[in-house]
1. Of everything in segment 398-428 that's over 26 Å from residue 351 (Cα atoms) and open to solvent by 10 Å² or more (accessible area, probe 1.4 Å), which residue is modelled with the lowest pLDDT?
2. Identify the residue in segment 106-142 that is small (Gly, Ala, Ser) and under 26 Å from residue 84 (Cβ atoms) and, among all such residues, is most open to solvent (accessible area, probe 1.4 Å).
3. Please specify each residue of segment 395-412 satisfying the condition of being within 20 Å of residue 295 (Cα to Cα) and touching a residue at least 60 places away in the same chain (Cβ under 8 Å).
4. In segment 213-224, is there at least one residue being open to solvent by less than 30 Å² (accessible area, probe 1.4 Å) and of a type in the set (Val, Ile, Thr)?
5. Can you tell me which residues in segment 89-99 are open to solvent by less than 20 Å² (accessible area, probe 1.4 Å) and either in contact with a Gly (Cβ under 9 Å, 6 or more places away or on another chain) or among the basic types (Lys, Arg) (or both)?
6. So which of 453, 461 ends up being at pLDDT below 80 and either surrounded by fewer than 18 Cβ atoms within 10 Å (Cβ to Cβ) or more than 21 Å from the chain's Cα centre (by Cα) (or both)?
7. Hey, can you tell me all the residues within segment 372-391 that are over 10 Å from residue 464 (Cα atoms) and of a type in the set (Val, Ile, Thr)?
8. Conditions: (1) of a type in the set (A, V, I, L, M); (2) farther than 30 Å from residue 275 by Cβ; (3) open to solvent by 10 Å² or more (accessible area, probe 1.4 Å). Residue 380 meets all but one. Number of the miss?
Amino acid sequence: MKSGKRDLLTMELKGSVTFPQDGPLPRRSRGSSSGLHYGSFVNSLSSLTPKLDDRPAISRRRAHVAVAVLCYVNLLNYMERYTIAGILLNLQTFFDINDSTAGLLQTVFICSFLVMAPLFGYLGDRYNRVHIMAAGLIMWLVTATGSSFVTKSYFWLLVLLRGLVGVGEASYSTIAPTIIGDLFTGGQRTVMIAAFYIFIPVGSGLGYITGSSIASLTGNWNWSLRITPIFGLVGLILVVLLCPNPPRGAAENNQHGVNEQSSYLEDIKYLLQNKSYIWSSLGVTAMAFLTGALAFWMPTFLFRAQVSQGLQPPCTQGSCNYRDSFIFGAITVVSGVLGVCLGTGLARRLRDKIPNADPLICAGGMLGSVPCLCISIFVATASIPATYVFVFIAEFLLSLNWSLLADMLLYVVVPTRRATAEALQITVCHLLGDAGSPYLIGAISDAIQKSKPPSTDWSFPSLQYSFLICPFVGILGGIFFLMTALYINDDRMAAQQLVEDPPLQGPTPESAVEMNNAQII
């Protein structure tokens, strides 16, 4: 009787809906269900129907060249972002600002970045992505160059220009991964995403190294901010000339792409119902909090630790010792490269055996970094070399996650919503993560110093105690990735099915109701 009712309903729907076979239904988040999937049933499902695109297929060679260009610009992106951290001691002395005010430089940058990311995500899902990236890069070049000419009495202008730099970078960071996702698929996509994201730690480390080295050589911090714009102009030209704008979903759909007809509200509703996306975004947020705090304050922390031990003179006249920025930059580069390579290798080896290997690796990296962070915070009072060792291990474990985070987003979200998903994830992780962590660490440090007698030098202990919030955030991040592991396999299969075998015609709302009833029967 059960089979007969199902056959009758299938005939009435004229083959437009395929029902699941008998047996227990897999656990899926609401956003990945094969029933009322998201938003308007007609718009969302019919929009996933592949249609021929007039653009010619992109050759393998051109796709690899495009990835190389995107990696180059990503390298410059993070070099510029962390050049400020490499010369932070000099900036504090030059502008005569405390820790919390110095933290505003990164906070304002990230806030403008996250505010504009949703806009660029919306545009990136609907318009030419190369043109959007080029416009953002132009703004980045102009404002980054302008920030190097700020004089001592105009610190507020430096903060404003740093915010505008964030607007330019938001366009690139939101859209570039989605282009790679539309050029490659499967294991090849994992490798290309790893190549792209390996330049996050490499660029960050080189930002410390180049910033501190140029400031030391010239005796002027301004020149440190003029290096990346020079190379950035080359990157802009390469993006315009060599980067294609592939059809969305072309890699999964034999170069034909998938056309989008759903509204932005439907996109948001779909993402909010995708539990893998929600939990992984929370995990990314925790990681952003950690990396933002460490990246901005760790060189200063290491320098103050040596001052407290009498190993370095304090930075008082603008001629600061940049050795810690240089060493921390080298640690970031090496640990980042090794971590990204190992994380990618583990994921490719384990995915066939353990379907939810990606979030489990991310959880292991987050939780494993927690004891290393705790040890590095307290051992700094006694041994600087030991501190470097544990900082290296912590950054290595955190770097396991970089390429996997982007890859997870790409395979649990349908192609026509990837730029929006990337933008919203960037907004959340920066808003609750590295937008506030540098300022929060600085504010706690200032509060501790103000509570102590003026004659006591608490500049190092106060920063040390303020860092203790980071291990607790690391534990939360590990829990979030473990929750992601519960849903990611089913959500990935659901997104893949919608792209590879979409319905030929979207059912009417009435037939959608009949479909749900049939599943219940």
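1. Ranking the qualifying residues of segment 398-428, first place goes to 427.
2. The qualifying residue most open to solvent (accessible area, probe 1.4 Å) is 135.
3. 395, 396, 398, 399, 400, 401, 402, 403, 405
4. Within segment 213-224, none of the residues are open to solvent by less than 30 Å² (accessible area, probe 1.4 Å) and of a type in the set (Val, Ile, Thr).
5. Those that are open to solvent by less than 20 Å² (accessible area, probe 1.4 Å) and either in contact with a Gly (Cβ under 9 Å, 6 or more places away or on another chain) or among the basic types (Lys, Arg) (or both): 90, 99.
6. 453
7. If the condition is that a residue be over 10 Å from residue 464 (Cα atoms) and of a type in the set (Val, Ile, Thr), then 375, 379, 384, 387, 389, 391 are the ones that fit.
8. (3)
The values are calculated or read from the model by the stated rules, or taken from the named source; none is laboratory data. The model shown is predicted, which means the values in this text are computed figures rather than measured ones. Heads up, the Cβs are rebuilt from the backbone with ideal geometry, glycines too, and the neighbour counts pull from every protein chain shown. Accessible surface areas use protein heavy atoms only, side chains included; no ligands, DNA or RNA. Shrake-Rupley method; radii C 1.70, N 1.55, O 1.52, S 1.80 Å.
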